[in-house]
Amino acid sequence: MELDALTAISPIDGRYRSKTESLAGYFSEYALIRYRVRVEIEYFITLCELPLPQLETVDHRLFEPLRDIYRHFSEQDAQRVKDIEKVTNHDVKAVEYFIKEQIDAASGKDAAHSPLAGFPVEAKEFIHFGLTSQDINNTSVPLSIKEALEQVYYPMVEELIEQLNDYAEQWKTVPMLAKTHGQPASPTRLGKEVMVYVYRLEEQLRALKDTPITAKFGGATGNYNAHHVAYPQYDWREFGNSFVSEKLGLEREQWTTQISNYDWLAAIFDAMRRINTIVIDLDRDFWMYISMEYFKQKIKAGEVGSSAMPHKVNPIDFENSEGNMGMANAVLGFLAQKLPVSRLQRDLTDSTVLRNVGVPMGHALIAIQSTLKGLRKLILNEQKLADDLENTWAVVAEAIQTILRREAYPNPYEALKALTRTNQKMTEQTIHDFIQGLDVSDELKSELMAITPSNYTGI
């Protein structure tokens with residue numbers, strides 16, 4: 001079979017491809033190769049800027065043409081790297097050879113017309129100088145995560161927050177019966193309940209953005225052995241700090257083995273998981289509100305809710321989101337637990353695991369889009385909210401007993417408990433009869449009589 005949306009094994013690249021395609025530029029095999037090429041070239045340029053003595057002859061005007069190798073990196077270029085890998089059986093070494101090929105091509109018969117004309121061919125041996133493959137992987141992958149977060153994930157979460165903010169404003173005066181432990185509780189306002197999710201998402205998004213994205217860059221076992229033995233006069237630690245920070249926008253881990261410690265990457269995954277968990281909570285609440293008929297859903301012509309029951313309009317978007325967020329969190333949890341653990345100076349288990357960092361982001365992207373779709377289909381059924389409040393006058397008991405406490409009335413809680421914890425239905429008349437029977441002033445009775453389930457909503 002040809003690989004396409006119908007034959008892909010993963011639903012991320014199959015059924016949901018239209019929702020996740022924006023991540024292909026960060027987490028596909030093509031993207032990983034392009035990021036590796038980018039890191040290798042920026043590293044070489046930084047060596048020239050140092051400069052190493054053998055690179056003093058490299059014209060700085062060649063830096064931009066060198067950057068064009070990754071700026072204009074094509075799928076055909078990626079395929080060439082994969083073809084080289086078939087020979088080397090090493091993916092990062094194949095990237096090094098690909099870049100050297102590009103430089104060699106600039107010194108061929110058409111060199112005079114090449115943007116890289118004049119590149120000293122002997123300088124190409126400083127591509128990947130002193131590095132191990134993990135210096136490239138442990139910068140490329142964090143960089144891809146950083147840019148995917150900034151350019152795809154953050155905007156999607158912010159769009160969800162904005163939609164919830166709009167609803168919070170629209171519904172800020174709509175009274176609603178609260179449910180604690182599934183039972184009627186002190187009334188609230190629908191807008192305030194939505195605002196809880198705005199607040200939670202904003203807080204956790206801020207925490208995620210404040211979490212540093214770090215990289216390992218320090219040679220074969222983290223000590224700059226090769227760099228130091230060849231050029232002991234340079235401060236390679238400071239060089240690495242500057243390169244990772246200024247050229248890649250990451251933070252360099254100061255003490256490592258061959259690989260990243262992955263502790264901060266695990267923190268990123270945990271922070272994402274908290275955001276995803278909040279979305280799951282939101283999905284379930286709105287699912288419940290729909291089942292309670294607080295919301296109807298917009299009907300689209302031609303859509304089917306159930307293959308057997310024609311009347312049904314199911315809250316499938318919230319269900320889809322909940323399922324995909326569950327998948328995302330399962331993978332994020334594994335990544336956060338597995339990556340910081342490696343045998344001695346390193347084992348290879350992180351390599352294959354790192355190739356899956358785009359999977360949870362893909363599921364999260366599907367989920368948030370589904371949540372947004374579900375939210376945008378809602379039609380507020382304000383009458384149902386009002387009816388539930390009117391049918392649950394017992395919830396004003398808290399207000400009455402609290403005011404009676406203020407007035408030093410004897411045993412107010414017990415009096416209201418005796419009234420409300422019976423099988424008798426509490427109505428407006430029941431509550432008002434109780435108030436009229438209290439041995440209090442008429443002024444206080446008027447204050448108590450003014451309390452209703454619809455106006456006892458706090459601040």
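Computed per residue of the chain from DSSP H runs no shorter than four, each worth -39500 (n - 2.57), the mean residue ellipticity at 222 nm is -17500 deg cm²/dmol. Put simply, the amide H of E251, placed in the peptide plane, has neighbours under 5 Å in I213, T214, A215, leaving out anything fewer than 5 places away on its chain. Computed over the alpha-carbon atoms, region 1-117 gives an Rg to Rh ratio of 1.08, Rh here being the Kirkwood radius from the mean inverse distance. Proximity of backbone amide H atoms, modeled 1.01 Å from N, is registered between A178 and A185, T188 at under 5 Å, excluding neighbours fewer than 5 places apart on the same chain. Shown is the FRET efficiency for H113 and T277, computed with R0 = 41 Å from the Cβ-Cβ distance and rounded to the nearest 0.05: 0.10. Report the gain in length on full extension from K425 to V440: 0.36 nm times residue separation, minus Cα-Cα distance, nm rounded to one decimal. Additional length available on full extension: 2.9 nm. Centre-to-centre separation between the Cα atoms of region 320-339 and those of region 1-80: 27 Å.
Using a simple spin-label model with pseudo-atoms 7 Å out from Cα toward Cβ, E390 and M1 lie 5.6 nm apart.
Label-to-label distance, M449 versus Y199, with points set 7 angstrom from Cα along the beta-carbon direction: 3.6 nm.
If the segment from E150 to I9 were pulled out straight at 0.36 nm per residue, it would be longer than the present Cα-Cα gap by 48.0 nm. So what's the angle, to the nearest 10 degrees on a 0 to 90 scale, between helix 154-170 and the longest Cα principal axis of the chain? Helix 154-170 sits roughly 20 degrees off the main axis of the chain. Here each label is just a point 7 Å from Cα along the line to Cβ, and for S351 and S18 those points are 3.9 nm apart. Accessible surface computed residue by residue for the chain, with neighbouring protein chains in place and a 1.4 Å probe, gives 50 Å² per residue. Of the listed residues R237, R189, the order by accessible area with a 1.4 Å probe, largest first, is R237, R189. All Cα-Cα distances of region 316-403, cut into 5 Å bins from zero to the largest, leave 3, 12, 13, 11, 9, 9, 9, 9, 8, 6, 4, 4, 3, 1 percent in each bin in turn. Computed about the Cα centre, the dipole magnitude for region 1-78 is approximately 320 debye when only Lys and Arg (+1) and Asp and Glu (-1) carry charge, each at its Cβ. For the chain, carbon and sulfur atoms together expose 51% of the accessible surface, with a 1.4 angstrom probe and every protein chain in place.
The values are calculated or read from the model by the stated rules, or taken from the named source; none is laboratory data. Predicted model only: the values in this text are computed from it and were never measured. Every residue, glycine as well, gets a Cβ built from its backbone with ideal geometry; the counts of neighbours run over all protein chains shown. Surface accessibility is based on the protein's heavy atoms, side chains included, excluding ligands, DNA and RNA. Shrake-Rupley method; radii C 1.70, N 1.55, O 1.52, S 1.80 Å.
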